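A short worksheet on the structure shown next.
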Amino acid sequence: MVANTKRILDLAENRLVVDDVTTGYLDHPAVRNVNLQVASGEVVALLGANGAGKTTLIKAVVGLLSAWEGSIYLNGEKASSPTFKRVRAGIGWLPDTRSIFMGLSVEENLRLGRGDKELALETFPELKPLLKRRGGVLSGGQQQMLAVARVLASRPQIVLADELSVGLAPQIVDRLLEELWRASRRGAAVLLVEQFARIALDVADRSYVLRRGELVFDGSATELLSRDISDLYL
C-alpha cells in the first residue's frame, strides 16, 4: 500500500518520471533499473562519465528507444507514443548533435519551429543580426543558440538537453544554461545531461549520477558539489 501511494504522489508532483527502467541496444542493457524524477520548476542534472548510459536514457524518454523493463511517464501519463507525438505534446528535445537545418537561414529555422519567432529572438537577441545567414555557416555556439531558442520558443513543459556544452566556449555554455534555468523558473521541468559535473551543477537543483548504466547518486546539487565525485565516475 505504501508503494502504491508513493507512485501516485510521484506522478502527481513530477512532469517526468522514469520508473525502474532498463533499456539498451540489441541484447545489451546500457541502463539498468533506473529511477528518476523531474518536477515542474526545477533543473535536474544527469551526470556520468562518457558511456555511462546518459544518452541512452534520454533516448528512451524521448521515444527513440523502448523501455525493456519499467515505464516512463510524461506529465502524469505513461509514455507510449512515437517521438514526434511526444514533442508535439510539450517535450522540448535538444539532442547531442546540432538540431538545426544547415541549409536554411536562421529566420527559416525559427519559422519551422513550433514556437513564436519573436519569443525566440527575445530569448537570444544575439540571433537578430544573423536572421538571413544559413545555419551551416554559423559558429558552433550560434548553432546551439538557434537550437535552444527554437525549442524554448514553443514553451515546452519538459526540456531534455543532452551534452549542450560539447565543443563550445565557456561563455556560450553559460549563456545556454542561463536560458534553460530561466525556462525552469517559468515552470518547465529541465533534465540536463552532462559529462562535466561542474557545468551542470551551477544551475541544477538536484542531481543524479550514472555509472556503467546504474544510478550511484541521487541528491541535491549542493550535496554533490561538496564532495569529491571522482569515485562516482570510476
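Taking the numbered list (1) surrounded by 17 or more Cβ atoms within 10 Å (Cβ to Cβ); (2) of a type in the set (A, V, I, L, M); (3) at pLDDT 95 or above; (4) in contact with a Ser or Thr (Cβ under 9 Å, 6 or more places away or on another chain) in turn, Val173 passes all entries but (3).
Of everything in region 16-44, what is aliphatic (A, V, I, L, M) and either in a strand (DSSP E or B) or touching a Lys or Arg at 6+ places or on another chain (Cβ under 7 Å) (or both)? Give them in sequence order.
Initial filter on region 16-44 (aliphatic (A, V, I, L, M)): 16-18, 21, 26, 30-31, 34, 36, 38-39, 43-44.
If the condition is that a residue be aliphatic (A, V, I, L, M) and either in a strand (DSSP E or B) or touching a Lys or Arg at 6+ places or on another chain (Cβ under 7 Å) (or both), then Leu16, Val17, Val18, Val21, Ala30, Val31, Val34, Leu36, Val38, Ala39, Val43, Val44 are the ones that fit.
Given the criteria more than 15 Å from the chain's Cα centre (by Cα) and not in a helix (DSSP H, G or I), does Gly219 qualify? Yes, satisfied.
Exactly one residue out of Ala153, Ala189, Ala200 is under 26 Å from Phe101 (Cβ atoms) and of a type in the set (Gly, Ala, Ser): that is Ala153. For Glu107, the requirement of being of a type outside the set (A, V, I, L, M) and either buried (at least 18 other Cβ atoms within 10 Å of the Cβ) or farther than 26 Å from Gly187 by Cα (or both) is met.
Those residues that are touching a Leu at 6+ places or on another chain (Cβ under 6 Å) and of a type in the set (S, T, N, Q), I need them from region 164-212; list them, please. Scanning region 164-212 gives a single hit, Ser207. When region 134-165 is limited to residues that are in contact (Cβ under 8 Å) with a residue 24 or more places away in the chain and loosely packed, with under 15 Cβ neighbours inside 10 Å, the one that is farthest from the chain's Cα centre (by Cα) turns out to be Gly136.
Considering (1) assigned to a helix (DSSP H, G or I); (2) more than 18 Å from Asp202 (Cβ to Cβ), the lone condition that Leu160 does not fulfil carries the number (1).
Here are some residues: Leu201, Leu191, Leu225, Leu168. Which one is modelled with pLDDT of 95 or more and either under 27 Å from Gly140 (Cα atoms) or surrounded by fewer than 18 Cβ atoms within 10 Å (Cβ to Cβ) (or both)? Step through it out loud before you land on a result.
Numbers: Leu201 fails: modelled with pLDDT of 95 or more; Leu225 fails: modelled with pLDDT of 95 or more; Leu168 fails: modelled with pLDDT of 95 or more.
Just a single option satisfies the conditions, and that option is Leu191.
Reported count of residues in region 166-183, each being under 15 Å from the mean Cα position of the chain (by Cα) and either on the phi > 0 side of the Ramachandran plot or not in a helix (DSSP H, G or I) (or both), is 1. Candidates Ile72, Ile58: the one that is among the β-branched types (Val, Ile, Thr), touching an Asp or Glu at 6+ places or on another chain (Cβ under 8 Å), surrounded by 14 or more Cβ atoms within 10 Å (Cβ to Cβ) and farther than 19 Å from Leu152 by Cβ is Ile72.
The residue pairs whose first member lies in region 190-215 and is under 19 Å from Val151 (Cα atoms), whose second member is of a type in the set (S, T, N, Q), and whose beta carbons are closer than 6 Å, counting only pairs six or more residues apart or on different chains, are Val190/Ser184. Within region 20-55, the set of residues being touching a residue at least 40 places away in the same chain (Cβ under 8 Å), more than 15 Å from Pro95 (Cα to Cα), buried (at least 20 other Cβ atoms within 10 Å of the Cβ) and out of contact with any Ser or Thr (no Cβ under 8 Å at 6 or more places or on another chain) comprises Leu36, Val38, Gly48, Ala52.
The values are calculated or read from the model by the stated rules, or taken from the named source; none is laboratory data. Not measured: the values here are computed from a predicted model. Because the Cβ atoms are built from the backbone with ideal geometry, glycine has one as well, and the counts that use them run over all protein chains shown.
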